[in-house]
Each structure stands twice: as C-alpha cells, then as structure tokens.
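Encoded as structure tokens, the structure appears first; notes follow it.
The values are calculated or read from the model by the stated rules, or taken from the named source; none is laboratory data. This structure is a prediction, so every number in the text was calculated from the model and none was measured. All Cβ positions, even for glycine, are placed from backbone atoms using ideal geometry, and neighbour counts span all protein chains on display. Surface areas here come from the heavy atoms of the whole protein model, side chains and all, with no ligands, DNA or RNA. Shrake-Rupley method; radii C 1.70, N 1.55, O 1.52, S 1.80 Å.
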Amino acid sequence: MKLTLHIWRQKNAGSKGNFKTYPLEGLDPNMSVPEMLDHLNEILIRKGEDPVAFESDCREGICGQCGFVINGHIQSPEKSATTCQTHLRSFNNDDELYIEPFRAKSFPVKKDLCIDRTAFDRIIGAGGYIGVNTGQAPEANSILIGHDTAEEAFDAAACIGCGACVATCKNASAALFTGAKIAHLAMLPQGKLEAKARARAMVEQMDAEGFGACTFTRACEVVCPQSVSVANIVKMNKEFLWG
Amino acid sequence: MLDARIPEGPLELKWTQFKATCLLINPANRRKHKVIVVGTGLAGASCAASLSELGFHVEVFTFHDSARRAHSVAAQGGINAAKNYKNDGDSIWRMFYDTVKGGDFRSREANIYRMAECSMALIDQAVAQGVPFAREYSGYLSNRSFGGVQVSRTFYARGQTGQQLLQGAYQSLMRQQKIGSVVLHTRHEMMDLVVYDNKARGIISRNLDTGEIKSHSADAVVLATGGYGKIYYLSTLAMNCNASAIWRAHKKGAYFAAPSWTQFHPTSLPQMGDYQSKLTLMSESLRNDGRIWVPKKAGDDRKPNDIPENDRDYYLERKYPSFGNLAPRDISSRAAIEQINAGHGAGPLKNAVYLDFKESIDREGKQVIEKRYGNLFNMYEKITGINAYQEPMLISPAAHFSMGGLWVDYGLMSNLKGLFVLGEANFADHGANRLGANSLLQACVDGYFISHYTIMDYLAGNGLSKTDEKGLKEQFDKDTIRVKERLQKLLSIQGDKTPETFHKELGRILYSKCGLLRNAHALQMAREELKNLQQEFHQRLLVAGEAHSINFELEKAARVEDYLQLAPLIVEDALQREESCGAHFREEFQTKEGEALRNDNDFGYVSVWESTEKGEFILHKEHLDFNYVTVSERSYK
Ligand SMILES: Cc1cc2nc3c(=O)[nH]c(=O)nc-3n(C[C@H](O)[C@H](O)[C@H](O)COP(=O)(O)OP(=O)(O)OC[C@H]3O[C@@H](n4cnc5c(N)ncnc54)[C@H](O)[C@@H]3O)c2cc1C
Ligand code: FES
C-alpha cells in the first residue's frame, strides 16, 4: 500500500510549524496509524533526519495519550475510535493524509504532534474527586446504587482524557470533559454532598485555563472515542447554576 | 542473609500484630519527612495520596504527561475481593489458598494472607471514591467469576476496571496536589537511584520535555513503576512500559527476585506482521463461550469454516476434560504454543489458534452472545477487520505480566533500606503464576493499605539525622554526572541500528528461547545471542536528535539498554531453576502426561539475585515455609 503523508512539523513550542510531505510505500493495510509513523521514523532516522515526535502508549484506545487530526478528522475517520485504533485499511491506496496535532489555545503544541494537555489535570485537581481519605470508607454495600445509575455514571466516567472534544469544538471548549466528571460524581450518592462546590471549582478552573464557552453544537460527542454524551454538559450546567 | 521480617504469631494475626506495634510519627513531625514516589499507576498514586493525607511531604514522578495514563488504565477484567457477597463460601482463607495454589506454591504465605485480608477494605475504598462497579438491579454490587477458582469474587466495571480504579487513585492524588502536599513531576523519568550509606536517599530524573537532569533527595524512595513484560517487545503492555527504574535500583544493590517468571496471556491477538508494535488482549471471559481448536492435520490450509468437525482438535477439552477451555492461563498458553510449534497453528502466519463461537451462537442465538461480548467482538473487528460472528477468532499467547520484580520483605522494603517497591514492580504475592484479577488488587493494597504503615515505621526508626550531609551531596553529584555521561554515550555511538530494531531482536530471542517453553540448550543459546546483541548495541546503536529537548529515541535507547542488561539475568534465572512451576516450564522437567513437574525439595525457594559491579550474578535463596497449606500438585485435569 502507498500513501502520501503531509505531517505537521514544529521544532518546539516557540517556533512556527509547517506541513512536510513524505511519500511512503510498502505499507500494510493492517498497520495502525502509530505503527505507520514508527515505520516512517525508522526511515527518517536512517536518512539522518529528525523523526516525527508523536505520543502513544497503550495503543488500544484506553490511555488517551495518542490523538492527532487526520484529514480534518479528530482522532480518526472511524466512529468512536482513537488514532491508535485506526488502521490503514480505513484509507485507500494512494490517498494523501494530512496529519496534524489537536489545535486549541489551551493545548499548546510542544513539538510536531505532541501537545500539552496538563490543563485537564488542573481541572480535575480543582474538584474532580470525592473528598474521601484512605481508611474512611464505609462498607461498600451500605451505599446502594441502582443498576441504571451505576451504568450511567460509568458512561460519564469512561472519558479517557484525550482532548478530542476540545480539538473539534469551534470554541475549544472543555465542557464535555469537565461535564463528564461533574456528572459522574454528582450522580452517585457518595459524590452528591460536594456536587455544587465541585461544579463551581471545576468550571472556574476550566475558564481560567482559557477553554472557550460551550454553544452546544454537539460536535464533541461525535468525535469522543468513548461516546461520552452531551447530556453530561446539561448536568454540569444544572449543578453549576442550581446544584 | 535474606530476612523477610515476617511478624511472629498465627497467620491471621500477623498483620494486625504489625499494625499494632509498628512505629508511628507524630502528625506535626510528618511534614519533616520527604518521600519520593516513582509511578502513578494504582500502586504509586494510592501510596502517594495516602502518605500525603497523613501529612508526609511527597514528591511524585512519572514519565507520562498525566498521572491518569499509567498502564493500570488498560486492565479490563476485574479485581478480586473476598467479600463473599455471593454467599458461595468465599473467605479470606479461601482466597489466600487459591492464590497460594495458583502461584504454584512459590510465594510467601504471610504476604498473600494479608492481601486477601485487605481486599475487602479496598472495595469499600474504591466505592467511596466513586468507582462505578457493576451493580445488580437491587443496587448491590455484582460479581463474576474468573479463572482458577470456584467462587465469584471478581468486582468489575464493564471491560474497563483498571481505568475506573485508576481514576479513583488519580483523583485522590490530584486532590492532594491541589492542597499542596504532593509535588507532581509529570514527564519526568527516573534515571537512577541514589544510594548512600546502604540506604535509598533519592533519585536522578530527566525532564523529558527539556532534557534537564536533576537530583532529588528524600528520606525514602518508593518504586511503583509497573511490569517489564515489554522486554519481549510484543506484549500486552504499553509502548513505554519499562524495567529501567527497577533495573537501575538493582544495579545499585537492590536484589531482583524471580526475573524469569513472566505470565503469557492465552487470549491475546496474534502478531500479524513485522511492523507490529504490540499485542492486544482479548478478555479471558471469552473462553466461557468460545471453544478453542486447531486443525488436526499440521499445515492444513483450508479456511476455518471449511474444516469439518472431524478434522478439528479441541485440544484443551481433550487434555483437561474437567476445566476444558477454562484451564488456567499458564496451562492454556502452553497448550496453545505446543500446537503452534507442532505445525497446527492457524492464521496467515500460522501463529494462532481458533476461538470459535459457532456452537454458542447456534445454541443461544447471536443476540445473547452479542449482549455478552458485543464490545469485544467490535474491538476484534476494529483491530483485525474480521467479523467473529462469522468466522472464529484468532488468538495467541502473549507476554503479559511480570510475577518477578525487586525482592521485598513483608513491609515491601527491598534489601536496600528505605527503598520500597510496590505493585507489579515487586516480587511478592503471585508466586510463579498470577491469578486473574489479583494484580489490580495487589497494586491497590500495597499503596492504600500497607506502604504508609511500613514507610512510617521505617522513617521513625531510620536514624537519618546522623547522615554525613557532605558525603551525601557528593554522591548525588556523582550520580548526576554519570547519568549525563551515559546519555551522551548513547548519542555518540552513531551507528546504523535504531533502539527499536534492537528491542525487536531482543524480543525474538526471548520469545523463542526463554518464553513459554524453555530448555537448557535453548537458554544457553539465548545467553550467547544476548551477549552478542549487547555488544552490537554498543557498536551500532543509532540515536537521532540530542539530549536537551523532547527526544523519544533517546528515551527508548536508555530503556533498551537496560532491557539488554536484564535479559541475561532472566535467562540465568530460567536456566538455574531446574524444575517446572507455574509460568516457568522447563521441557526437561515434565510429567509423563506433559505437565509441569515441580521439585519442592530442591527448589522450594525464591531465587533472589544480586549483580556485581562486573556484571556477575549471585544467587540468594529465600526459602519458603508452608505452615498453613499443604503443598500439593496443581491438577486441572
Ligand atoms: C492489558 C492488561 C490487562 C490487565 N487486566 C487485569 C485485570 O483484569 N485484573 C488485574 O488484576 N490485573 C490486570 N492486569 C495487570 C494489572 O493491570 C497491573 O499489574 C497493575 O495495574 C500494575 O499497576 P502498577 O501501579 O504496579 O503499575 P503501572 O500502572 O504500570 O504504573 C507504572 C507507573 O510507573 C511510571 N514509571 C515507570 N517507570 C518509570 C521511570 N523510570 N520513571 C518515572 N516513572 C516511571 C509510569 O509512568 C506509571 O505511572 C492487566 C494488565 C494488562 C497489561
Ligand atoms: S495510545 Fe492509548 S489511547 Fe491511543
């Protein structure tokens, strides 16, 4: 299989980047996108060129480490998939692929395809937890949680923190990410007590990080690899305003 | 002499006894003690958060860009606890027994008992943090059963149990960071351990964004750096999992136990091509409804659906009639590799066996199977492009979990004082074979419920106030320079082979000669091949880029260099142990029926290795006494 790659190259946060073109041959349709980049890098290194800096770790769609924009698709042209779960059989022979990093003011590019997503950690740190110390917990079955509530909480908690929601949003809003955590914890009896304070602190941090406002275009839900629902944004607004 | 420092008294009171008598530090004085925690997986994050809640000053390091991405995130199936919510006869004792037996009688009774004992509080803790475990319609927690046991003690959150548990630990950690009592260094790799006066006193780190090399001192160091199964290159581990932290500590004097005991998971996806970088795990639960088979005739090239019943060999059902397709991991993996080696392998590379759902689909209907495993079938199709409702899945064993790791005593402290090793990085509870859903538990229990007691006990009595500060500083300076020199050396070779190429070659040697099946002849060959590969590495390594910015190639090079040093020890360990036990199968030592033949008289110990400056390996033995269980042959016939 043959592809022409146009990859965003940027030396560091301070420099300006641009696309560079790399024709690649001898590809296997079963290769994943990161494996294709591994292959490209081997070639670049042998030629004495700087390999493409990109991040990935689990390569099975759960750690949230990878994630690029491929021909305008955030993460993947496939539905509910991460970049690492995208294989070359999703493309046609002789296709041209434009590969670039997620773009958002709050996710500065560090090098090539690597971005800084630590803003997400700070949002969690602001209140994305239940304030229980080790050792304080009561017997697990003393907190009854309905089957459907547990499932719904799981759906929200399934977020992998990849930032696709931000990258696809025209306002670069982190409402889906933040809303999912607020909703996950507010839904559970253990998390109710702090729900209002949590929502305030997290939303304030989200704003402080420079993420944009949510205008409910629902674009985020579409690209989310875990299909986290925008219903969580509604829940967040409810907690924040009336909690 | 190795002293595991197991408390006196009856088994069920040892931990109680320890907690009641260990040394404590007054809350006001805890702030004066600094502990470094390397790793933010379940073990590291939970340990750091718990220490910080007590008031200790904690600095945390991870090479990930966020603590949430540690590989604990990838665990699918579940976590065990002896809650006996099913009323099916489970108890601490039964869980303890299952684990000792599952580990093929090669682990310490006291440790395992404690793990089982703490398992219940762990579920309470996780629920309180908001972990959305599966529930019954009545609102009570739900359980399922996992391989190798007869009770249902596994708690789970769909197929993402590790992710959900890790979020609980990560969120607790971030809460402590916000309060200001944890300093978190993401994108920082530990490059070396600093030992002074035979005590762990800090680490040297590399900032992976800027390349800055820096030293950090502390009163104690915790390594919770995960497993090293990635040494086999193709494995179920994440790309960046490594042995470097524990290997560097080993080179500074920390003993390494049972390095060759690696678990191969039976239901991973097979390798499809040379480009492949990892093997994805398919949940073991599939074996509940899938039948495993290979063509009877070696080299049969027909499509699986064209092979009639008579020409199929359901070898697990044939060999283990009572456990069948649910035989334990080590046994299933071994049986598969025997079929593959004998030419019965399936798939384009003839390196897999079939996992067939046709019969269950015919019996129960596609809908039922879809409800049970729909997400797994989707995942399979996403990766392979094959629809498993129509043709059998291809599965194959893959390197998965390291039972081996740094040796620790009952308090999880290495022979180096002040060095604590938690989670998959240590050798402790799993013996020669780990039971499914026990390692999330072990990582959590180590971090939430054990280490803060034992670290406090150490800090209270370690006498660090008498340290010669000048000498300590010199040691830090010396180690910092050494790290810088090492990286420069790797960069300066400028040969023609990338770190990745070496890693792949290393993986091939280990899989073929020190994998599921081992024998003295192959191991001796591996020893030679590894020696050559190591030599070649130092002559032909090619690392792109430079040391002062983001450079993934340099990161890989250093990790591969460590892997290449660890590999000969793995081979040595496998060679020295002239018996078969758990995941360690020496072909020379098997029963007439081809089962593992343990030798308790001569090998009823854990092999604990020391490396000398010259790179020689010295064996120490921790003899295992079984006072509470009867050592027996593990039979699953
Ligand atoms: C695919 C898969 C599925 C699994 N499923 C299950 C299951 O269902 N049930 C079960 O019980 N177990 C399961 N396991 C095993 C279990 O997940 C692991 O044993 C456990 O999560 C390990 O946790 P840990 O905290 O020890 O290490 P990890 O979670 O691997 O964390 C290691 C941490 O150390 C850091 N680190 C490593 N080296 C360095 C360094 N040099 N410098 C700085 N930081 C470093 C990393 O950044 C990371 O933060 C599974 C494992 C895999 C691979
Ligand atoms: S590498 Fe983990 S989600 Fe892609």
B:Lys296/A:Ala213 FRET efficiency (R0 56 Å; Cβ-Cβ; nearest 0.05)
0.30
Lysines near B:Lys513 by alpha-carbon distance under 17 Å, same-chain residues fewer than 8 away left out - which ones?
B:Lys230, B:Lys504, B:Lys531
Roughly how many whole Å is it from the C-alpha centroid of segment B:368-411 to that of segment B:56-101?
19 Å
Can you pick out the pairs among A:Lys11/A:Lys47; B:Lys14/B:Lys621; B:Lys199/B:Lys251; B:Lys319/B:Lys382 whose Cα atoms lie more than 21 Å from each other?
B:Lys14/B:Lys621; B:Lys319/B:Lys382
What residue among B:Tyr113, B:Val368, A:Ala175 has its Cα farthest toward the positive end of the dipole of the protein assembly as shown, where the charges are +1 on Lys, Arg and -1 on Asp, Glu, each on the Cβ?
A:Ala175
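For the pair B:Val629 and B:Lys466, what calculated FRET efficiency results from E = 1/(1 + (r/R0)^6), where r is the Cβ-Cβ distance and R0 = 45 Å, to the nearest 0.05?
Details: r = 44 Å, r/R0 = 0.97.
Step by step, r from the Cβ atoms, then E = 0.55.
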Provide the solvent-accessible area of B:Leu459, counting protein heavy atoms only and rolling a 1.4 Å probe, rounded to the nearest 10 Å².
10 Å²
Need one number: nm distance between label points at B:Lys303 and B:Asn288, each 7 Å from Cα along Cα→Cβ, rounded to one decimal.
3.1 nm
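Please say if segment B:188-269 is rounded, prolate or oblate, where rounded means a/c under 1.5 for a ≥ b ≥ c the square roots of the C-alpha gyration tensor eigenvalues, and otherwise the choice is prolate for a/b larger than b/c and oblate otherwise? Each step should come with its number before you reach the end.
Working: a/c = 3.24, a/b = 1.58, b/c = 2.05.
Judged from the Cα gyration tensor, segment B:188-269 comes out oblate (a/c at least 1.5, b/c at or above a/b).
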Say each of B:Cys22 and B:Glu587 gets a label point 7 Å from the Cα, pointing the same way as Cα to Cβ; how far apart are those two points in nm?
4.6 nm
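Per residue, how much accessible area does the protein assembly as shown have with a 1.4 Å probe, in Å²? Show your work: numbers first, answer last.
Numbers: 31370 Å² over 880 residues.
Heavy-atom accessible area per residue stands at 36 Å².
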Cα centroid of segment B:439-474 to Cα centroid of segment A:26-99, whole Å
42 Å
Chain A: most fluctuating residue of A:Leu144, A:Leu24, A:Leu176 per GNM, C-alpha cutoff 10 Å
A:Leu144
GNM on chain A, C-alpha springs below 10 Å: top fluctuator among A:Ile124, A:Ile62, A:Ile143?
A:Ile143
Could you state how much accessible area is buried at the A-B interface, both sides summed, with a 1.4 Å probe, in Å² to the nearest 100?
6100 Å²
Which loop chymotrypsin sites (Phe, Trp or Tyr not before Pro) in segment B:131-167, with loop taken from DSSP, have no more than 13 other Cβ atoms within 10 angstrom of their Cβ?
B:Tyr137
Can you pull the accessible area of A:Arg46 for me, 1.4 Å probe, Å² to the nearest 10?
140 Å²
Taking the 0 to 90 degree range and rounding to the nearest ten, how far is the long axis of helix B:109-129 tilted relative to the main principal axis of chain B, both from C-alpha atoms?
90 degrees
Looking only at segment A:21-52, which residues have a backbone nitrogen under 15 Å from a spot 7 Å from the Cα of A:Lys2 in the C-beta direction?
A:22-28
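From the Cα gyration tensor of segment B:436-532, with a ≥ b ≥ c the square roots of its eigenvalues, which class applies: rounded if a/c is under 1.5, or else prolate if a/b is larger than b/c, or else oblate? Before the final figure, lay out the partial values.
Details: a/c = 2.71, a/b = 1.33, b/c = 2.04.
Here segment B:436-532 falls in the oblate category.
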Please compute the modelled spin-label separation between B:Thr210 and B:Asp602, points set 7 Å along Cα→Cβ, answer in nm with one decimal.
5.7 nm
Rolling a 1.4 angstrom probe over the protein chains, ignoring ligands and nucleic acids, what is the accessible area of A:Ser90 in square angstrom, nearest 10?
40 Å²
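From Cα pairs below 8 angstrom and at least 6 apart in sequence, can you work out the relative contact order of chain B, rounded to a whole percent?
On the way: 1346 pairs, mean separation 123.7, N = 637.
Once normalised by length, the contact order is 19 percent.
Taking 0.36 nm per intervening residue step and subtracting the Cα-Cα distance, what contour gain separates A:Asn141 from A:Lys196 on full extension?
Length gained between A:Asn141 and A:Lys196: 17.3 nm.
Return the average number of partner chain Cβ atoms within 10 angstrom of each residue Cβ along peptide A:153-160.
Details: counts 7, 9, 2, 1, 9, 7, 3, 5.
The mean count of partner-chain Cβ atoms within 10 Å per residue comes to 5.
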Report the Cα-based extents of segment B:470-578 along its three principal axes, largest first, to the nearest Å.
47, 38, 20
Among B:Thr501, B:Ile550, B:Val560, whose Cα lies farthest out toward the positive end of the dipole of segment B:470-578, if unit charges sit on the beta carbon of Lys, Arg (+1) and Asp, Glu (-1)?
B:Val560
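Count neighbours as other Cβ atoms within 10 Å of each site's Cβ, and list the GluC sites (Glu not before Pro) in segment B:555-607 that are DSSP loop with at most 14 such neighbours.
Values: sites: B:Glu555, B:Glu561, B:Glu572, B:Glu578, B:Glu579, B:Glu587, B:Glu588, B:Glu593, B:Glu595; in loops: B:Glu578, B:Glu579, B:Glu587, B:Glu588, B:Glu593, B:Glu595.
Those that pass, being in a loop and sparsely packed, are B:Glu578, B:Glu587, B:Glu588, B:Glu593.
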With a cut-off of at most 12 other beta carbons within 10 Å, and DSSP calling the residue loop, which trypsin sites (Lys or Arg not before Pro) in segment A:89-181 qualify? Please list them.
A:Lys105, A:Lys170
Helix-only mean residue ellipticity at 222 nm for chain B, each DSSP H run of n ≥ 4 adding -39500 (n - 2.57), per residue, nearest 500:
-11500 deg cm²/dmol
Rounding to the nearest 10 and keeping the result within 0 to 90°, find how far the Cα-based axis of helix B:451-461 lies from the longest principal axis of chain B.
30 degrees
Taking only protein heavy atoms and a 1.4 Å probe, the highest-to-lowest accessible-area order of B:His344, B:His623 is B:His623, B:His344
So how strong a dipole does segment B:470-578 carry about its Cα centre when Lys and Arg Cβ are +1 and Asp and Glu Cβ are -1, to the nearest 20 debye?
120 debye
Placing +1 at every Lys and Arg Cβ and -1 at every Asp and Glu Cβ, with all other atoms neutral, what dipole size does the protein assembly as shown have around its Cα centre, in debye to the nearest 20?
1520 debye
Could you tell me which of rounded, prolate or oblate describes segment A:117-185, using a ≥ b ≥ c as the square roots of the eigenvalues of the alpha-carbon gyration tensor, with rounded for a/c under 1.5 and, failing that, prolate when a/b is larger than b/c and oblate otherwise?
oblate
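Subtracting the Cα-Cα distance from 0.36 nm times the residue separation, let me have the gained length for B:Asn29 to B:Glu616 in nm, one decimal. Don't jump to the answer; show the numbers that get you there.
Details: separation 587, 0.36 × 587 = 211.32 nm, distance 4.29 nm.
Gain on extension, B:Asn29 to B:Glu616, equals 207.0 nm.
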Residues B:Glu370 and A:Asp148, FRET efficiency given R0 of 25 Å [Cβ-Cβ distance, rounded to 0.05]
0.80
Furthest towards positive pole of dipole, A:Ala153, A:Gln10, A:Gln205, structure part the protein assembly as shown, Cβ charges
A:Gln205
